[in-house]
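The values are calculated or read from the model by the stated rules, or taken from the named source; none is laboratory data. Since the model is a prediction, treat every value here as computed from it, not as a measurement. All Cβ positions, even for glycine, are placed from backbone atoms using ideal geometry, and neighbour counts span all protein chains on display. These accessible areas exclude ligands, DNA and RNA; they are computed on the full protein's heavy atoms, side chains included. Shrake-Rupley method; radii C 1.70, N 1.55, O 1.52, S 1.80 Å.
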Amino acid sequence: MSNILICAFPNPGHVTPMLSVGLHLAGLGHTVTFHTGEIFRSQVETTGLRFAGMIGRANIDYRNQGNSEENEELTERDRILNHLKYWFIDPLPDQHRRLQQILEETPVDLILTSSMYLGCFPMLLGPRENRPPVIGCGVTPLILRSIDCGLIMHDATPEGRKRNQEEHFLLERAFQPVADQLNVALTECAAPSISGFWADSIYTLPDLFLQFTGDAFEFPRSDLPSKVQFVGPVLPNHSAAFQEPSWWNELDSSKPVVLVTQGTLANFDLQELVQPALTALADDNSLVIAATGRADTGDLVIPTNARVESFVPFVRLLPKVDVLITNAGYGAVQQALSFGVPLVAAGDTEEKAFTAARVGWTGAGINLGTRRPTPEQIRTAVHTVLTRSQYREQARRLQKNFSRYGALAEITRSVETLI
């Protein structure tokens, strides 16, 4: 058995699937060290895995919006650039330093990283013989450039490929400040610079990249590198400690069950999606479950047909759900489609616009194209998904595609190949 290091960018959408992977590998007899932010120390140590915390600017608390007040005064483009710099570029040197400390203290045979953990870049840009093998893990949508698609649209026709090429050029130019900042951070680590579109390196630098979804959820790419492989969704571990709330038996009534969530990161303002959804469906003959991801529900107005919980394990709840209203967090979408549940997606922050675009493209749901939909938009979309069988049929098509994979078994095979 081997010593495996798992590096996860410190937010729940990255830590949760990577922790499932770590527990699986530990169950096979490997020694697993889990490297992420201190905020997750208790969660990791409770599982029995060895914890290695982050330091300095890498030790981010995802609940802190950082320079949010300053961001409100910026244009949308500059806000995105600031977001990328604060969350992913600035932490890189301290991620790298801590990673080197771990490698000096512990023999490591293999490293797995979540997709936006960039602390491995200096090592990956150096001599191959000076590092263990590295597997990147895709817990967000593919943002690797392709002749066949842009970030939110697939079109492999000659005209479409020309548009895609133009979009890539504009994208690279718009994100040049991020590339410049990344290269400054790499210089601080005495590493070579990266040329070309910086985000491509997330997929091309590791020895192997495993995308945590099925191929049916991603835009087809004729130029997908062979090292990028689909392994299917990694679902969270069952929560044995979960106690079913008093309303749980209501899920078995004849009423449609609608679940709404803003995830665990973009849930600072529940007025963006949760409250409009509660308002939209207040007079419906349905049971509405709001999973807030936080204990403080603020000033939510809760109608009589709604039940609000800070946490409900989706793997327990989704088999009873008829439609999920989501801000398009990647993990929630993958879980819903794993159970054949159609979606209403309303997200345009972080990677959520890319996930929502894929929901619309697959036909497994409706993409509202905004993180602040009106109650009327939500009501219309939910009724459409519930009454038109095509959405459920497409969600089940994806469920069937996902079921062909066994993510943990696929990951195990990849691990054993590289060790």
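Points to keep in mind about this one:
- Selection of the stretch 309-324 for residues being surrounded by 16 or more Cβ atoms within 10 Å (Cβ to Cβ) and modelled with pLDDT of 95 or more yields LEU317, LEU318, LYS320, VAL321, ASP322, VAL323, LEU324.
- For the stretch 74-116, taking the residues that are assigned to a helix (DSSP H, G or I) and of a type in the set (Asp, Glu), the one that is most open to solvent (accessible area, probe 1.4 Å) is identified as GLU104.
- Search result, residues across the stretch 343-380 that are in contact (Cβ under 8 Å) with a residue 60 or more places away in the chain and farther than 16 Å from LEU273 by Cα: GLU351, PHE354, THR355, ALA357, ARG358, TRP361, THR362
- Top-ranked residue in the stretch 380-398 [being open to solvent by 90 Å² or more (accessible area, probe 1.4 Å) and basic (Lys, Arg); ranked as nearest to ASP284 (Cα to Cα)]: ARG388
- For the stretch 225-247, the candidate set comprises residues that are under 28 Å from ILE143 (Cβ atoms), open to solvent by 70 Å² or more (accessible area, probe 1.4 Å) and part of a loop (DSSP other than H, G, I, E, B); within that set, the residue that is modelled with the highest pLDDT is SER226.
- Considering the stretch 130-172, the residues that are buried (at least 17 other Cβ atoms within 10 Å of the Cβ) and of a type in the set (Ser, Thr, Tyr) include one that is nearest to SER414 (Cα to Cα), namely THR140.
- Listed by first and then second residue, the pairs linking a residue in the stretch 248-264 that is basic (Lys, Arg) to a residue that is open to solvent by 60 Å² or more (accessible area, probe 1.4 Å), with Cβ atoms under 8 Å apart and 6 or more places separating them unless they lie on different chains, are LYS255/ASN285.
- The listed residues are SER193, SER222, and the only one of them that is over 19 Å from the mean Cα position of the chain (by Cα), open to solvent by 70 Å² or more (accessible area, probe 1.4 Å) and farther than 30 Å from GLY340 by Cβ turns out to be SER193.
- Among (1) open to solvent by 30 Å² or more (accessible area, probe 1.4 Å); (2) touching a Pro at 6+ places or on another chain (Cβ under 8 Å), the one test that LEU124 misses: (1)
- The stretch 21-57, subset polar (S, T, N, Q) and crowded, with 19+ Cβ neighbours inside 10 Å, residue farthest from SER114 (Cα to Cα): THR33
- On inspection, THR264 qualifies as among the β-branched types (Val, Ile, Thr) and open to solvent by 40 Å² or more (accessible area, probe 1.4 Å).
- Of the criteria (1) within 30 Å of ARG379 (Cβ to Cβ); (2) open to solvent by less than 60 Å² (accessible area, probe 1.4 Å), which one SER254 fails: (2)
- Counted as qualifying within the stretch 249-344 are the helices (runs of 4 or more DSSP H) with 3 or more residues that are closer than 20 Å to ILE366 by Cβ, namely 274-280, 330-338.
- Criterion: β-branched (Val, Ile, Thr), out of contact with any Lys or Arg (no Cβ under 8 Å at 6 or more places or on another chain), closer than 30 Å to TYR86 by Cα and modelled with pLDDT of 95 or more - qualifying residue of THR355, THR304: THR355
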